[in-house]
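See structure below.
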């Protein structure tokens, strides 16, 4: 099973992906936990460029090409091999992040975006996508608070306008509405433990369902 976590900044995707991986391992499953960008050695180098505020002048198409290069390496060298071994793969962000950020957020043409995504993913689509939704303004407040406390650093995307992040959040909701069989949306504002329990119930149900359902 291939599970992805998506959502606007500050929604707690990394925390929830880690908690789910721990619970699945405790239940006896073999799990690969990864992230985008930066899930491979080459990806870490690309992420350094991606995150660096010094590169705030990157064009939207450059953004797209960079993230698709990371994804092609990620899928080919890590995700597909793990799935072929029968593992559960959990990724903190995947192709839908590109649709939300470079598509809805930055306005890259859908035809261009989808062509490059097909190349980068080889057609690999998640079995389940978990959307951790919260208002863009609240998510940015969380990120800035974490930065001020020293728990995190603001990256290049964190520094973009509220209007940009509102377009991203709206884009995520549209994507989820278009594929309700794949997406499950959760309120990211609830306590971490309660949210983790809700996610666990959904994943358990998917694992127990007969193939194809």
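The values are calculated or read from the model by the stated rules, or taken from the named source; none is laboratory data. Bear in mind that the values here come from a model prediction, so they are computed numbers and not experimental data. Note: ideal-geometry Cβ built from the backbone for every residue, glycine included; neighbour counts use all protein chains shown.
Report, by residue number, each residue of region 2-39 that is surrounded by fewer than 23 Cβ atoms within 10 Å (Cβ to Cβ), at pLDDT 95 or above and on the phi > 0 side of the Ramachandran plot.
Across region 2-39, the qualifying residue is only 28.
Could you go through region 74-88 and let me know if any residue there is touching a residue at least 40 places away in the same chain (Cβ under 8 Å), on the phi < 0 side of the Ramachandran plot and part of a strand (DSSP E or B).
Scanning region 74-88, I find at least one residue that is touching a residue at least 40 places away in the same chain (Cβ under 8 Å), on the phi < 0 side of the Ramachandran plot and part of a strand (DSSP E or B), so the answer is yes.
For the list (1) loosely packed, with under 14 Cβ neighbours inside 10 Å; (2) in contact (Cβ under 8 Å) with a residue 24 or more places away in the chain; (3) in a loop (DSSP other than H, G, I, E, B), I need the number of the one condition that residue 158 fails.
Answer for residue 158: the failing condition is (1).
So which of 106, 97 is surrounded by 22 or more Cβ atoms within 10 Å (Cβ to Cβ) and touching a residue at least 24 places away in the same chain (Cβ under 8 Å)?
Only one candidate qualifies: 97.
Among the candidates 63, 70, 57, single out the residue that is free of Cβ contacts under 8 Å to residues at least 40 places away in the same chain and either in a helix (DSSP H, G or I) or under 18 Å from the mean Cα position of the chain (by Cα) (or both).
70
Here are some residues: 131, 116. Which one is farther than 17 Å from residue 14 by Cα, modelled with pLDDT of 95 or more and outside any loop (DSSP other than H, G, I, E, B)?
Among 131, 116, only 116 is farther than 17 Å from residue 14 by Cα, modelled with pLDDT of 95 or more and outside any loop (DSSP other than H, G, I, E, B).
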